Amino acid sequence: MALRMWASSTANALRLSTCASKSPAFSLSRAFSTVLDDLKYASSHEWVKHDGPVATIGITDHAQDHLGELVFVELPEAGKEVKQGSGFGAVESVKATSDVNSPISGEVVEINTKLAESPGLINTSPYEEGWMIKVKPSNPSELANLMGSKEYIKFCKEEDAAAH
């Protein structure tokens, strides 16, 4: 089941919400999640930060909030190729298991090994400690296909409204 569809249906069924972070590092926020300005976002609720030759990928605060407490994270091995829009792993919460898709194509150069012992890092720090994989992009122009922070906020609001 795609993360986006599951998160939307779960949010609708459970009417989940949380307060946005007060941290100055978070520049744009909504009543139920935080969105960072310097990231790109996929419609399946993954984020990517392209910094030099490497891109860091994880799931958004919006997605982790709707998933609930994460208890297991499945990640690929370093060296594996990922393709934009295709699954590279999964997250399991106390509610369900959901696929995680790559927002860009490339070679996995590092995985967040801390998630094996502490999958809840995605819940408590989705953009910092809870990153999932680092990728050497094979086609950096794919970033143009992703949403900026303002577009992602609008997308989430529209998706949540349609789910109600």
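Throughout, read-outs are computed from the coordinates displayed, never taken from laboratory work. None of the values given here were measured: they were computed from a predicted structure. Here the Cβ positions follow ideal geometry from the backbone for every residue, glycine too, while neighbour counts run over all protein chains shown.
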_Give me the net charge for the shell around Asn112: Cβ to Cβ below 9 angstrom, other residues only, Lys and Arg +1, Asp and Glu -1._
0
*Ranked by Cβ crowding within 10 angstrom, fewest neighbours first, how are Ile104, Ile153 ordered?*
Ile153, Ile104
_In sequence order, calculated HN-Hα J values of region 159-164 (Karplus, 6.51, -1.76, 1.60; Hz; x Gly/Pro)_ = 5, 5, 5, 5, 7, 8
*For the cross-link pairs Lys80/Lys154; Lys80/Lys150; Lys114/Lys157; Lys49/Lys154, which exceed 29 Å when the distance is taken from alpha carbon to alpha carbon?*
Lys80/Lys154; Lys80/Lys150; Lys114/Lys157
*Environment charge of Met147, counting only residues whose C-beta is closer than 9 Å and scoring Lys/Arg +1, Asp/Glu -1*: +2
*Give the order of Val109, Val73 when sorted by the count of other beta carbons within 10 angstrom, beginning with the fewest.*
Val109, Val73
*Hey, fewest Cβ within 10 Å first, where do Ser98, Ser118, Ser149, Ser141 land in order?*
Ser141, Ser118, Ser149, Ser98
*Neighbourhood charge, 13 Å Cβ-Cβ cut-off, centred on Lys95 and excluding it, Lys, Arg +1 and Asp, Glu -1*: -3
